1. Before we move on, is residue 286 surrounded by fewer than 16 Cβ atoms within 10 Å (Cβ to Cβ) and either touching a residue at least 24 places away in the same chain (Cβ under 8 Å) or at negative phi (or both)?
2. Regarding the range 90-98, can at least one residue be identified that is within 16 Å of the ligand (Cβ to nearest atom), under 14 Å from residue 202 (Cα atoms), modelled with pLDDT of 95 or more and assigned to a helix (DSSP H, G or I)?
3. When you check residue 111 against the structure, is it in a loop (DSSP other than H, G, I, E, B) and at pLDDT below 95, yes or no?
4. Does the range 270-293 hold any residues that are touching a strand residue (DSSP E or B) at 6+ places or on another chain (Cβ under 9 Å) and within 11 Å of residue 68 (Cα to Cα), and which are they?
5. Within the range 25-35, which residues are in contact with a helix residue (DSSP H, G or I) (Cβ under 6 Å, 6 or more places away or on another chain) and not in a strand (DSSP E or B)?
6. Can you tell which of 22, 43 is more than 16 Å from the ligand (Cβ to nearest atom), in contact with a helix residue (DSSP H, G or I) (Cβ under 7 Å, 6 or more places away or on another chain) and either over 30 Å from residue 113 (Cβ atoms) or part of a helix (DSSP H, G or I) (or both)?
7. Report whether or not residue 319 is over 19 Å from the mean Cα position of the chain (by Cα) and either in contact (Cβ under 8 Å) with a residue 24 or more places away in the chain or crowded, with 19+ Cβ neighbours inside 10 Å (or both).
8. For the condition in contact with a helix residue (DSSP H, G or I) (Cβ under 6 Å, 6 or more places away or on another chain) and over 20 Å from residue 253 (Cβ atoms), what is the one hit in 75, 62, 99?
Ligand SMILES: Cc1ncc(COP(=O)(O)O)c(C=O)c1O
């Protein structure tokens, strides 16, 4: 049998989903599992979005234009204008989720062998995709003690080589919830100008900011020809299954390259675009999003207060997204995550968490960290963190100093 490619072999599997079989076994054994591992919003998708799909009168489900439906592009321009971002219709391409948007962006500006700087811990699919296109990831490590904010520019500068082509970051961040200040973004801008780099800013959580305001990379006029915005409605309006994202830039050459890629995959999903258009045309759209943000804000406060009460945990309050990335007083969070599912329960209940190491590029990092997603109702979250606290205490007693591995 012929071999599959090295690329395919070396593409890492999702750290968020790899414990799924243990979760299924736990549930089959009758346990309730609180899923704190996955960033899938639980809130209802707005009615106006659903109406756009349900009330559609199209008879032939044809390809939409590769760039997206004109009316949806226009609605998006209005949306961005309301958020102080000036984009014209020819500066936006609708993609199959934010996933396709960042893949297109990376492919449009980088060749095999080029290097991309990414603050770690980061969204694991960046690494998977970088491997698929033979781009080398150069991480800038950030730390729980600093709330995962960026190191000083001199530290970042040390990572730049003649092969560095771009800096990629998510803001607000998955998995940490960190939201960069204007000053931090200005550091990226400074480096991009000094070393002739592209800045790819993944802003799929752009409206989920609870302390202070979010600043888009597109707000920096001096680098408008070297910035690419990645965006998505998956999280923003709880529409992960619509598979609608966007990639946008003021750079014409970049847009032409992106459009060729968009044409290569023919078209983005028609129903998702109709839904989005209907949602953005609804007079209630901003109030609906505001209500979602309010709910996540309360959840953030609740989870943070419960987590920071647990002895030995290092966790600064994350400013945005819907994740916490606490550092725990253990040394193998993957073993802990498996043990929680396979061995532990508190009154028949346990939790599923995402081990931290899969969010790092640097080997060995993250083995004492985990990602928690707060995508459950507040009262459920309170109970889930209580179960987590019991599990952590029991695991610490069991595992120190002996260690059994459940694999
Ligand atoms: C930072 C970040 N970017 C992009 C995505 C991709 O989202 P989608 O393809 O559903 O828009 C995610 C999903 O979790 C994410 O967390």
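The values are calculated or read from the model by the stated rules, or taken from the named source; none is laboratory data. Bear in mind the structure is a predicted one, so any value in this text is a computation, not a measurement. Note that we place each Cβ from the backbone using ideal geometry, even for glycine, and neighbour counts take in every protein chain shown.
1. So residue 286 passes the test.
2. Yes: one or more hits.
3. For residue 111, the condition - in a loop (DSSP other than H, G, I, E, B) and at pLDDT below 95 - is not met.
4. 272, 273 - these are the residues of the range 270-293 that are touching a strand residue (DSSP E or B) at 6+ places or on another chain (Cβ under 9 Å) and within 11 Å of residue 68 (Cα to Cα).
5. Within the range 25-35, 26 is the sole residue that qualifies.
6. Just one listed residue meets the conditions, 22.
7. When the stated conditions are applied, residue 319 does not pass them.
8. Checking each option against the conditions leaves just 75.
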